[in-house]
Structure formats: structure tokens, C-alpha cells
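Okay, structure first, notes after.
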Amino acid sequence: MQPILSIQDLTVTFGSKQGPRLLPAVTGVSLDLRRGEILGLVGESGSGKSVTLRSIPGLTRQYGTLAGKVMWEGRDLVAMSDASLRPILGKDIAMIFQEPMTALNPLLTVGVQITESLKAHTTLDARARLRRAVEVLDLVGIPGAAGRLNDYPHQFSGGMRQRVMIAIALASTPKLLLADEPTTALDVTIQAQILDLIAQLARDFDMGVILVTHDLGVVAQSCDRVAVMYAGRIVEEGTVRTVLGDPRHPYTNGLMWSVPQDVPPRTQLFSIPGTPPSLWNMPPGCAFAPRCARAEARCTAEVPSLSALEAGHLAACHCPLGGAQ
Amino acid sequence: MTEPVLKIEDLHVRFPLGRSLMDRLRGRPGRIVSALNGVTLDLFRGETLGVVGESGCGKSTLARALVRLNTPSSGSVLHEGRNIFVKPEIAYHRRVQMMFQDPHSSLNPRMTCGQILAEALTVHRMCSPDRVPARIAELLDLVRLPQDSAGKLPHQFSGGQRQRIAIARALSVEPEILVADELVSALDVSVQAQVVNLLLDLQERFGLTILFVAHDLRLVRHVSNRVAVIYLGRIVEIGDSETVFRSPVHPYSQALLSAAPSLDPDERGRAKRLQGELPSPLNIPPGCPFHLRCSLATERCKQERPALRPVAGRGQVACHLSEEIANAN
């Protein structure tokens, strides 16, 4: 099946052109997304997962330089002008953010904020827009939707605000939803509700979703495929079942073991020694080599490329862990 | 288990809100946030007690009350038989140390790591002034920070290292009890494991008692001996950590503990989903505070507040139906 979105060799660098050095936030990321698929993008802070996501609609343009391609319906979003992006963003490609209180306008009612995008992207009249607004609020599970159009964001709880933000994103029935840590600020009980909602909407509307998160549990419970990022590169990619069930990159494996699940209580947890490298000061070769127990001479000299270990399971490692026995 | 080091008895903490002009005009009374509504708890020597609950349930209020950052409206906390709120003692502040979630705001950005530790040592007169540098070196070694750290400012450290400074500061005054409020919540998973390992190791070496407040349920399960589940300022279930996590009795604990996303994709969709959200602590429902979200709620639950009472083979549970639930599974 043809992917709806295809990221090809995306590289994002920050820093002024006059400045002495450029900061490589994302290096050579390639990803495909199919219709109705939920792709998890997981990594620690500073791994470049949010920058990758925000570069898809070009939100990082004004701060940095983008290279590579983001192919959407036969067109390269990176090469398009802001004016030609406008009809696509908010209509075909919608985005939700981590902190709904800063992403929503506190001075406008949620009704105004939902109909705003409908006004820009559809030919509906004012009454039809309001009807659609009630419909989407109802869809995302806000009780008494019709009565809440005139409420302001502060009158909603954290979980309800995130639902409002999803409703705004859904109003124009997008084909792609970009979700940047949508549940990180929420309680586990509310997180479960929101993830269920996103999964159900992806299924019902055949919508592709890229979900950025740092929680492997969220990936396991809601994604179809997952890409693990470390220091600006994808280090492992595959279906959730293969990557989490049989991690081949030592970093993914370390992350899995750092989560206290099915280990005897109050014993020492497995931990990856050291800290992620600074993007200003990247080690030569594999970025994970200084923290890796399996590192060989080759790892500190040569950057490993992302290659298929088996069908649909890729890892960027010179000496990957040996597959399931 | 031995005698409790800290006895919390019927602790209530209320925060009055300012009355708005409209309230005054209409003669309405000021509104009150009831953060803690009668928490009774014993903390035993050498144990780790995990405290879990949704945000706004009062778990941080409880932690802060123990170091007297919040003043209770009623109830007491007894330390060696003395109520800590009646007669403030500098010794108590030495023996109970708190560690906070955000090391950006809990470490003074203009003081070097060495100055931060030296301040704690001199305020409590832990050692003679000429011994201070040696003691700082010892402490840095203890939390596995490099020796040149003493001259650096907090912003020169990573998040995990800053939490190590906070741990070193707490340990510098040789406390008995550590109160860890979301100590590792702001850290990445791989760094989280390092800090948790350090905490477990230090607890064993110094026989520390730890109150571990966190919203990461897997982590609480891992570090705790006992765990308390809090809902709207009340303990709804408390007991041995493995028992509570493996077979929770209270319907709220069941829903909360199953909400932690499992790493196994095969368990997808199996968890019991909790409907609705936490009611506002401004307006706590009568009867069992959980009855609005509970699928088992009966007429009695709406009228009468269940007391926390022991259930055979389990811990203590505040639910009218606890025996039926415990027998059923």
C-alpha cells in the first residue's frame, strides 16, 4: 500500500548561519506512514523526536534549516512556501500538543476555536459550522457538548482540554494527526481514556497518526509500528510486537529493561550507564557507543546505518543483539 | 515490623480560597479546598511507603505536611511521641528531609554544588568548619558524582545529576526519614533507573525510612514495601505493596493500578477503564467520595462514608463492599 506520508532523509540543524557551529537536532531520518496506522516515535529528551514531528508541517523552519524531503500526496512539504502549506495544515494535517492550556487560546471560547478552522478550510455556513463543532465535541466524549461551546478553556479539566484540542484537530477530518506527547501531562487514568480515543478515531476515520512519547508502555498499548530515536537518529524501527518483543539495538534493549516491570521488587534495576550525549559534542561513530556494553573498535569509528535485520525490522547497529531463539 | 517512627493521626489540611466580590455581595461563605481529609498512617522504621493517586488527590500535600511546609487545620503528626506542629524543633528538621520533583527550582541557581552542601552542614552544625570540604567530598562520592562537582553551578549538571545533588543535600544532615516527592518523575527512563538504584542502595546502607510519592505506578511498586492509595484526600487502600498491586480490593485501586500501560502489546485493551474524572476538592461528594465513578456503587455508598478497616489477607480498605470483592477474586 502506498504510504500517505513519506519522510526521506530529513535533517534539521539549528543555529545561525554566521555562528561558529550548527546544532544537528535530527540527522537522516526516513519514515513512512500508511493510512489508518499509528506510528510511535519514542526517545528520551533531546533525542529529536519532537523536532522530527514538528518539521513535518514545517514548524521548525523559522528556527533552523531543513534538508531532505517530506512527501505528502506527491508534493514535498519541505520545498513548499508557507502560503501553499496553508490549505493543507489544519485541514489534511492536524496537530495536537502536550500542554493543552498553552496550545488553546485562553481568551476565546472553545466554540470559536473549533469553528475557526472550519471557516478557513470549508465552505460551511455559520450554522453548519456550529453543528459540526457540537458533533466533534460529542465525538471526543465531552458530556453535554452543545452546552459547552461558549465555555473557555479554563473551565475544562486537563483531560477535557486535551479532548477539546483533539476536537479542533478533527473538525476538518484530517488524514494525518501529529500528536506530540498528548498524554504526558495527564494522569494515568485519563491517559488511558485519551489513548483509547485516539486509537478509535484512527480506526474509524482511517487516519494516520504519529504519536511522539517517551513512555514505552504507551507505545505498547496504542501503536502499530514504532521508531526509537537516539541523539537525532532512528536507531531501531519495526512493528511494536517485534521491536518490544525482540529488541535488537542495545539502546532499545536497555530502555526496556530500565522499566520496572516483572522484576523482583526492591532489587537493583538495570540502568544504562552515563547520559545521552550533548548534540554539541557528539562522539564519532555510533552515538550510543560510549554507553554501550557491546561496543567494538568499529563502533567508535563508523556511524552504523539503519538496515533491515529481517523483513520490517530495522536497526542501526554494528553488533545487534541476536534475535529470538 | 518495629515501632512507627512517624504517627500521622487524622490529618486534615484545608486551603481557604479568597472570596470573590460576587461572593461577598451575595453573602456566600469563602470556598475551601479540602486537600487532606483525615489521613491516619504509621510510618515504620526502615520501610519505604509508596503513596499513589491522581493529581489533586493530596499526595504532595501529605508529603509537604510532614516537613511542616503545610500547616494542618486539625490532626497531628507524632515523632517520638511529640506533635511536630506544636513545638517546632530544629532537630526534627534535620531528621526529616525532603527531596523535590524539579531540581531547577529546588537548588539555588547562584550557589555552587559545594556551597549548597556546605550550607546544610553548617546550619545544622554537622561538623567543624575545617572538616566541611572533606565531608562534601564524601557526600559527592556517596551519590556517585565526580569530585570536581563542588565548584559547579546547578545548570552545569544534567537532570539526573541535579537530583543526585538534592539527595546528597538531604543525606548531608544524616536524616532518619526521607520524603521524596516525585523525585524521578522529571527524568528520562534510563536515568530514572540510576537514581532509583542509588536510593535503594543508600536506604540499605543507612537504614533510612522513605515516603515515596510518585505517579509512576511501576516505579512505586518496585521501590515500596507498603503502598497507600489516596483518593480525594483520604486513604482508600493501604497494605503490602505486592499484595495491593497484585490483587487490589478497592474499585478505585483496581482501576488506577490497571491504568499503567503495560509493556506487553498482548495486554492491549484488557485493562479496566475508569470513567469520568476526579471531582473537585472544593466540592467533595457525600458518602463514599468515589461513588460517582464506581461501577459497583450502591445506595449505601451514596449516603455513608466507608471507614478504613482491615480485610482478611489484604491490607486496610475503605469500601463498604470490600469483603465481597476480596472473596470474589
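Let's see how each residue does on (1) modelled with pLDDT under 80; (2) at the interface with chain A (Cβ under 9 Å from one of its Cβ atoms):
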position	(1), (2)
B:Ile230	no, no
B:Ile235	no, no
B:Pro248	no, no
B:Tyr252	no, no
B:Ala255	no, yes
B:Ala259	no, yes
B:Pro265	no, yes
B:Arg273	yes, yes
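If you check B:Leu187 against the conditions, is it part of a loop (DSSP other than H, G, I, E, B) and either within 12 Å of chain A (Cβ to nearest Cβ) or of a type in the set (A, V, I, L, M) (or both)?
Taking the combined requirement at face value, the residue satisfies it.
Tally time: how many residues in region B:142-173 are away from chain A (no Cβ under 14 Å), surrounded by fewer than 21 Cβ atoms within 10 Å (Cβ to Cβ) and either of a type in the set (S, T, N, Q) or at positive phi (or both)?
So the answer is 1.
Matching residues to (1) among the acidic types (Asp, Glu); (2) out of contact with any Lys or Arg (no Cβ under 7 Å at 6 or more places or on another chain); (3) crowded, with 17+ Cβ neighbours inside 10 Å:
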position	(1), (2), (3)
B:Asp10	yes, yes, no
B:Gly30	no, no, no
B:Ser55	no, yes, no
B:Asn83	no, yes, no
B:Asp102	yes, yes, no
B:Leu107	no, no, yes
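Could you please let me know if A:Thr115 is among the hydroxyl-bearing types (Ser, Thr, Tyr), part of a helix (DSSP H, G or I) and in contact with a helix residue (DSSP H, G or I) (Cβ under 6 Å, 6 or more places away or on another chain)?
Here the answer is yes, as A:Thr115 does meet what is asked.
Basic (Lys, Arg) and either over 30 Å from B:Glu242 (Cβ atoms) or within 13 Å of the chain's Cα centre (by Cα) (or both): does that describe A:Arg266?
no
Considering only residues that are touching a helix residue (DSSP H, G or I) at 6+ places or on another chain (Cβ under 9 Å) and part of a loop (DSSP other than H, G, I, E, B), which ones fall in region B:36-79?
B:Gly46, B:Gly53, B:Glu54, B:Ser55, B:Val67, B:Arg68, B:Leu69, B:Asn70, B:Thr71, B:Pro72
Which strands (runs of 3 or more DSSP E) sit wholly inside region B:190-293 and have at least 1 residues that are of a type in the set (D, E, K, R) and out of contact with any helix residue (DSSP H, G or I) (no Cβ under 7 Å at 6 or more places or on another chain)?
In region B:190-293, B:234-240 are the strands (runs of 3 or more DSSP E) which contain 1 or more residues that are of a type in the set (D, E, K, R) and out of contact with any helix residue (DSSP H, G or I) (no Cβ under 7 Å at 6 or more places or on another chain).
Are there any pairs, at least 6 apart or on different chains, whose C-beta atoms fall under 9 Å, with the first in region A:281-303 and on the phi < 0 side of the Ramachandran plot and the second among the acidic types (Asp, Glu), and if so, which?
As it stands, the answer is A:Pro284/A:Glu302; A:Cys286/A:Glu302; A:Ala289/A:Glu296, since those pairs meet every condition given.
Could you check region A:261-311 and list, in sequence order, the residues that are surrounded by fewer than 17 Cβ atoms within 10 Å (Cβ to Cβ), outside any loop (DSSP other than H, G, I, E, B) and within 14 Å of chain B (Cβ to nearest Cβ)?
Residue satisfying the conditions is A:Pro290 alone.
Do the conditions hold for A:Ser55, that is, is it at pLDDT below 95, on the phi < 0 side of the Ramachandran plot and polar (S, T, N, Q)?
No: the conditions fail for A:Ser55.
Take A:Thr242 and tell me if it is in a loop (DSSP other than H, G, I, E, B) and buried (at least 16 other Cβ atoms within 10 Å of the Cβ).
Answer is no for this residue.
The values are calculated or read from the model by the stated rules, or taken from the named source; none is laboratory data. No experiment lies behind these values; they were computed from the predicted model shown. Neighbour counts run over all protein chains shown; Cβ positions are idealised from the backbone, glycine included.
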